[in-house]
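The values are calculated or read from the model by the stated rules, or taken from the named source; none is laboratory data. Just so it is clear, the structure is predicted and the values come from calculations on it, not from any experiment. Neighbour counts run over all protein chains shown; Cβ positions are idealised from the backbone, glycine included.
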Amino acid sequence: MAVAAKCLHQVGLIEQSMESSLNTLHKLGEQPLRDIDDTTLQADIVSMNLTLQNTTDESILNLHETKAKKIIMTTTIWSDLCYVLNLAKPSLICSASLRMVELTMNHGLASSSPLAFGFYGQVLVATGNIAEGCRLGRYHCLC
């Protein structure tokens, strides 16, 4: 199913790609995306920001590599979905990138973890948290 979403994206069927990805994530047990105006999302962002601010760069860069195939696949699908959301529904990138960072912080690094930090850093910069967003953007290049 993840391959179908990527193929749909490649041929320009953005909405269908988004729906395919969301359907696959739902089947993996992931919760629906929340819009930026959702107060629970805002609270989760504040919580993650505190976690990240209290975690050193070295600790983040030295997270163990996850071997859990479900986590690897899930973060990869979220990552692919973020590209689609940039075109289809940018207000949902916040929720998707937060989930990728949560998975990384809770389960370890996956190949898509640098993208998680890059997308989440983009969200932080867009919401006025420039210093922390730039910090996370560096992981996009270092991981």
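So the values come out like this:
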| read-out | value |
| --- | --- |
| Helices (runs of 4 or more DSSP H) contained in region 3-69 and holding at least 3 residues among the charged types (D, E, K, R) and either modelled with pLDDT under 95 or over 18 Å from N106 (Cα atoms) (or both) | 14-27 |
| Residue satisfying all of: in region 112-140; small (G, A, S) and part of a helix (DSSP H, G or I); surrounded by the fewest Cβ atoms within 10 Å (Cβ to Cβ) among these | A131 |
| Subset of region 91-111 that is touching a residue at least 40 places away in the same chain (Cβ under 8 Å) and assigned to a loop (DSSP other than H, G, I, E, B) - its residue that is surrounded by the most Cβ atoms within 10 Å (Cβ to Cβ) | A110 |
| Residue that is surrounded by the fewest Cβ atoms within 10 Å (Cβ to Cβ) [pool: residues in region 35-84 that are touching a Ser or Thr at 6+ places or on another chain (Cβ under 7 Å) and touching a residue at least 60 places away in the same chain (Cβ under 8 Å)] | D35 |
